[in-house]
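Presented below is the structure to which this report refers.
The values are calculated or read from the model by the stated rules, or taken from the named source; none is laboratory data. As the structure is a prediction and not an experimental result, all values here were calculated from the model. Methodologically, a virtual Cβ is constructed for each residue, glycine included, from the backbone with ideal geometry; neighbour enumeration extends over all protein chains shown. The area values use the complete protein model at the heavy-atom level, side chains included, leaving out ligands, DNA and RNA. Shrake-Rupley method; radii C 1.70, N 1.55, O 1.52, S 1.80 Å.
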Protein chains: 6
Amino acid sequence: MIEYSEASAEVRAVYDDIMATRKTDTVNNFWKALAMQPELLRRTWEGIKQVMAPGALDPLTKEMIYLAVSATNQCGYCMASHSAGARAKGMTEEMFGELMAVIGMANQTNALASGFRVPVDEQFRQ
Amino acid sequence: MIEYSEASAEVRAVYDDIMATRKTDTVNNFWKALAMQPELLRRTWEGIKQVMAPGALDPLTKEMIYLAVSATNQCGYCMASHSAGARAKGMTEEMFGELMAVIGMANQTNALASGFRVPVDEQFRQ
Amino acid sequence: MIEYSEASAEVRAVYDDIMATRKTDTVNNFWKALAMQPELLRRTWEGIKQVMAPGALDPLTKEMIYLAVSATNQCGYCMASHSAGARAKGMTEEMFGELMAVIGMANQTNALASGFRVPVDEQFRQ
Amino acid sequence: MIEYSEASAEVRAVYDDIMATRKTDTVNNFWKALAMQPELLRRTWEGIKQVMAPGALDPLTKEMIYLAVSATNQCGYCMASHSAGARAKGMTEEMFGELMAVIGMANQTNALASGFRVPVDEQFRQ
Amino acid sequence: MIEYSEASAEVRAVYDDIMATRKTDTVNNFWKALAMQPELLRRTWEGIKQVMAPGALDPLTKEMIYLAVSATNQCGYCMASHSAGARAKGMTEEMFGELMAVIGMANQTNALASGFRVPVDEQFRQ
Amino acid sequence: MIEYSEASAEVRAVYDDIMATRKTDTVNNFWKALAMQPELLRRTWEGIKQVMAPGALDPLTKEMIYLAVSATNQCGYCMASHSAGARAKGMTEEMFGELMAVIGMANQTNALASGFRVPVDEQFRQ
């Protein structure tokens with residue numbers, strides 16, 4: 001992992017933008033690991049910055065969608081960092097509880113739809 | 001799959017509740033497949049009904065979370081049925097586009113966090 | 001996919017062993033696809049034959065474990081072929097229903113354990 | 001995580017039922033984490049209790065199916081807790097070894113069926 | 001899906017670049033589906049174009065890595081399109097066979113490492 | 001986990017072959033865990049040895065394919081052991097960076113192809 005003090009100018013520019021965009025004075029480990037590959041760091045950060053910005057969906061909803069993917073993929077790091085992010089954006093304990101309930105139910109019925117090999121209904125075809 | 005006309009009273013009661021709750025006159029294939037196991041049908045429907053009801057999160061947000069799990073799990077049936085559900089609850093094309101962008105980005109960074117074996121930051125520990 | 005009539009002697013030997021072991025006169029598509037790579041075909045069949053044979057676990061239990069993995073992985077082909085296999089070995093509708101209920105519940109709680117980042121209890125550590 | 005001593009009456013009722021059903025005097029961390037959401041705790045426990053009870057499949061077979069899903073999903077917590085559960089219900093080292101061999105083989109052939117895009121055989125169609 | 005003839009100038013510019021880069025006169029369905037979201041289309045294509053270009057790894061190796069991820073995720077569309085891509089870049093039947101053998105083995109041992117909860121060796125720690 | 005000093009002759013024979021093949025004097029934890037099941041140990045090692053040997057694909061390419069599967073499956077142990085293996089076979093930091101970029105992109109587009117339910121193009125059908 002590459003710390004700010006030992007980073008190249010190219011990497012520092014990304015770190016600076018992360019801290020400015022997120023209004024914090026630290027860069028979390030995910031970015032420090034990616035910094036071994038400056039181009040991957042830059043492209044991933046620009047993608048995240050663009051995708052997570054307010055749009056037709058608000059930033060909190062986006063963080064909860066991120067959590068749904070991360071819990072499904074069993075990504076421990078991602079749950080840790082994005083649940084902090086979601087709480088910072090206003091996710092209450094009650095919202096987190098309902099989010100987890102939906103995630104759990106979706107994983108259950110995904111497996112059931114697969115296990116029963118349910119054919120797609122005519123009205124759901126594109 | 002068990003059609004309404006051939007269903008037992010127990011299964012019909014669930015079908016009736018599904019149609020009344022969703023304000024439709026059809027039951028989709030997922031439930032007809034589960035109806036082979038009346039107890040599994042009943043319990044799954046009651047769970048879904050409770051979990052997807054309005055609460056701290058609105059029903060459309062819940063449908064989008066469902067889609068995030070389903071796209072990640074590659075569940076074709078679930079994408080088909082829940083994208084119809086989300087559109088019926090007001091998801092616009094623009095919202096769907098942003099939803100997919102977040103899902104794609106989350107799957108990417110989940111794999112990167114795993115591949116780089118990023119240690120959890122001190123501030124994210126419970 | 002390679003049919004018996006066009007197969008090499010090496011591939012035919014595997015096909016013959018599959019049919020003799022399973023007491024059928026057909027080879028299913030999975031093996032016909034693998035036959036493009038005779039060595040992969042041979043090694044995979046020998047592994048399956050050994051692993052699925054009666055042992056401390058009976059063959060039906062093994063087929064149900066196979067189904068649990070396949071439903072979780074959303075493998076349509078595997079659900080189709082191994083649910084036929086499990087039924088041929090005596091899986092009743094009731095057993096299939098309970099199997100699916102356990103698979104669904106396990107996928108649900110797996111996602112919840114991940115989402116809540118539950119630390120392993122002292123008594124469960126190795 | 002919510003300990004018994006700090007739990008509400010609603011949560012204590014679930015904890016009491018868990019301990020009575022499992023004939024132990026401790027509640028494991030999974031339930032203590034879910035207790036932040038009493039309704040999710042209650043519904044998940046009732047589902048597990050019903051699904052894992054003896055039926056057409058015996059409780060040990062059900063635990064092994066749970067392990068098959070959990071190993072496939074890479075759920076560390078679930079492997080830890082359910083392998084303890086399976087051993088408590090009589091799983092021997094030999095049974096565990098065969099279980100793991102089937103899980104490994106199924107994950108292998110699931111990927112092969114996907115990679116070769118094997119079409120479902122006529123006799124396996126529903 | 002949006003065909004070239006009905007596409008906006010923004011979408012056509014991406015389609016043109018896809019066809020020029022790949023030296024073909026067709027755009028495959030993946031891009032036509034993404035075109036509903038012009039920004040997602042543009043960003044995804046630019047990412048793919050950059051990532052799959054020759055570098056420290058050659059394009060064929062990159063296509064095979066893509067196939068390894070796609071087979072593991074059970075993504076049927078991705079296997080179809082990227083196995084065509086890999087063959088166009090020189091993947092022989094023998095190479096495909098070895099690729100599939102490694103993918104199968106990796107999925108097997110991933111599940112075993114998870115199932116046995118193997119602790120990371122001291123020499124493998126970062 | 002079974003150490004060499006306490007292993008049976010059958011297990012020692014496998015350990016000896018692992019160390020001779022890999023030109024090291026240690027056996028990593030994965031094998032020590034499998035050694036509880038000597039037959040599973042032997043069969044898994046023989047499969048790995050055969051599959052990872054030089055062939056139409058070189059050993060380094062095979063290790064990177066292994067990493068692609070392991071990152072996708074979120075297998076921490078497998079990333080740790082196989083990234084050591086890949087580096088020992090010559091993977092540079094630059095190659096690792098490009099490998100990770102492809103893995104990340106593939107996981108992203110796999111989810112997008114699933115989420116958009118993209119139909120397979122005529123030219124990609126088998």
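Run the dipole for chain C about the Cα centre, Lys and Arg Cβ at +1, Asp and Glu Cβ at -1, nothing else charged, and hand back the magnitude in debye, nearest 20. Present the calculation step by step, with values, prior to reporting the outcome.
Values: 12 positive and 15 negative charges, 29 e Å.
Roughly 140 debye, rounded to the nearest 20.
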**Prompt:** Cross-link list F:LYS32/F:LYS89; E:LYS32/E:LYS89; E:LYS89/F:LYS62; A:LYS49/E:LYS32; B:LYS62/E:LYS32; C:LYS49/D:LYS62: which exceed 20 angstrom alpha carbon to alpha carbon?
**Reply:** F:LYS32/F:LYS89; E:LYS32/E:LYS89; A:LYS49/E:LYS32; B:LYS62/E:LYS32; C:LYS49/D:LYS62
**Complete:** Quick calc, the range F:75-126, dipole around Cα centre from Cβ unit charges on Lys, Arg (+) and Asp, Glu (-), nearest 20 debye, gives 200 debye
**Prompt:** Using θ = phi - 60° and the Karplus curve 6.51 cos²θ - 1.76 cosθ + 1.60, what whole-Hz ³J(HN,Hα) does each residue of the range C:85-92 get, with Gly and Pro shown as x?
**Reply:** x, 5, 5, 4, 8, x, 5, 7
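Show me you know the interface measure: the accessible area buried between E and C, both chains summed, probe 1.4 Å, in Å² to the nearest 100.
Numbers: alone 8680 and 8670 Å², together 16650 Å².
The contact between C and E buries close to 700 Å².
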**Complete:** Taking alpha-carbon centroids only, the range C:1-60 lies from the range A:1-26 a number of Å equal to 56 Å
**Per-residue ³J(HN,Hα) for the range E:69-74, Karplus 6.51 cos²θ - 1.76 cosθ + 1.60, θ = phi - 60°, Hz, x for Gly and Pro** = 5, 5, 5, 5, 7, 6
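Let me know the shape class of the protein assembly as shown, please: from the alpha-carbon gyration tensor, a ≥ b ≥ c as square roots of the eigenvalues, rounded when a/c is under 1.5, otherwise prolate if a/b is greater than b/c, or oblate. Walk me through the intermediate numbers first.
Working: a/c = 1.15, a/b = 1.00, b/c = 1.15.
Taking the square roots of the gyration eigenvalues as a ≥ b ≥ c, the protein assembly as shown is rounded.
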**Asked** So how compact is the range B:77-124: Cα radius of gyration and Dmax in angstrom?
**Response** 15.5, 43
**Item:** chain E: relative contact order in percent, alpha carbon pairs under 8 Å with at least 6 residues between
**Value:** 17 percent
**Fill in**
Axis carrying D to B; for chain D the Cβ-nearest residue and its rounded Å distance come to D:GLY47, 4
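With every protein chain kept in place and ligands, DNA and RNA left out, what is the accessible area per residue of chain C? Probe 1.4 Å, answer in Å². Numbers along the way, then the final one.
On the way: 4710 Å² over 126 residues.
Averaged over the residues of chain C, the accessible area is 37 Å².
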**Asked** With axes computed from alpha carbons, what is the tilt in degrees of helix A:9-22 against the longest principal axis of chain A, rounded to the nearest 10 within 0 to 90?
**Response** 60 degrees
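Which net charge results for the neighbourhood of F:ALA71, defined as the other residues with beta-carbon distances under 13 angstrom from its beta-carbon, given Lys and Arg at +1 and Asp and Glu at -1? Don't skip to the end; give the middle numbers.
Working: positive: B:ARG117; negative: F:GLU63.
With Lys, Arg at +1 and Asp, Glu at -1, the net is 0.
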**Shielding score for A:81-87, defined as the mean number of other chain Cβ atoms within 10 Å** = 3
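Across peptide A:11-23, what mean number of C-beta atoms from other chains lies inside 10 Å of a residue's C-beta? Present the calculation step by step, with values, prior to reporting the outcome.
Details: counts 0, 0, 0, 0, 0, 0, 0, 0, 0, 0, 0, 0, 0.
Other-chain Cβ atoms within 10 Å of each residue's Cβ, averaged: 0.
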**Local electrostatic count, B:PRO119, Cβ distance below 11 Å [Lys/Arg +1, Asp/Glu -1]** = +2
**Message:** For a Förster distance of 35 Å, can you work out the FRET efficiency between the beta-carbons of E:ARG125 and A:GLU93, rounded to the nearest 0.05?
**Reply:** 0.50
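Partner chain Cβ atoms within 10 Å, averaged over the residues of D:88-96 - can you pull that number for me? The partial results should precede the final answer.
Numbers: counts 0, 0, 0, 2, 1, 3, 5, 4, 6.
Going residue by residue through D:88-96 and averaging, the value is 2.
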**Message:** Given Cβ point charges of +1 (Lys, Arg) and -1 (Asp, Glu) and nothing else, what value in debye, to the nearest 20, does the dipole of the protein assembly as shown about its Cα centre take?
**Reply:** 0 debye
**Asked** Local charge sum around E:ALA53 (other residues, Cβ-Cβ under 15 Å, Lys/Arg +1, Asp/Glu -1)?
**Response** -1
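Would you please name the trypsin sites (Lys or Arg not before Pro) within the range B:34-110 that are DSSP coil residues with at most 16 other C-beta atoms within 10 Å of their C-beta?
On the way: sites: B:ARG42, B:ARG43, B:LYS49, B:LYS62, B:ARG87, B:LYS89; in loops: B:LYS89.
Those that pass, being in a loop and sparsely packed, are B:LYS89.
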**Request:** Measure nothing fancy, just the Cα-based angle from helix D:93-115's long axis to the longest principal axis of chain D, in degrees from 0 to 90, nearest 10.
**Result:** 60 degrees
**Prompt:** Could you give, in nm with one decimal, how far A:ALA88 is from each other copy of that position, shortest first, with labels 7 Å out from Cα toward Cβ?
**Reply:** 3.9, 4.0, 4.0, 4.2, 5.7
**Request:** Using a Gaussian network model of chain E whose springs link C-alpha atoms within less than 10 Å, name the residue from E:SER70, E:SER81, E:SER114 with the highest mean-square fluctuation.
**Result:** E:SER114
**Prompt:** In chain D, if every C-alpha pair distance is counted and binned at 10 Å from zero, what percent goes to each bin?
**Reply:** 11, 33, 29, 18, 7, 2
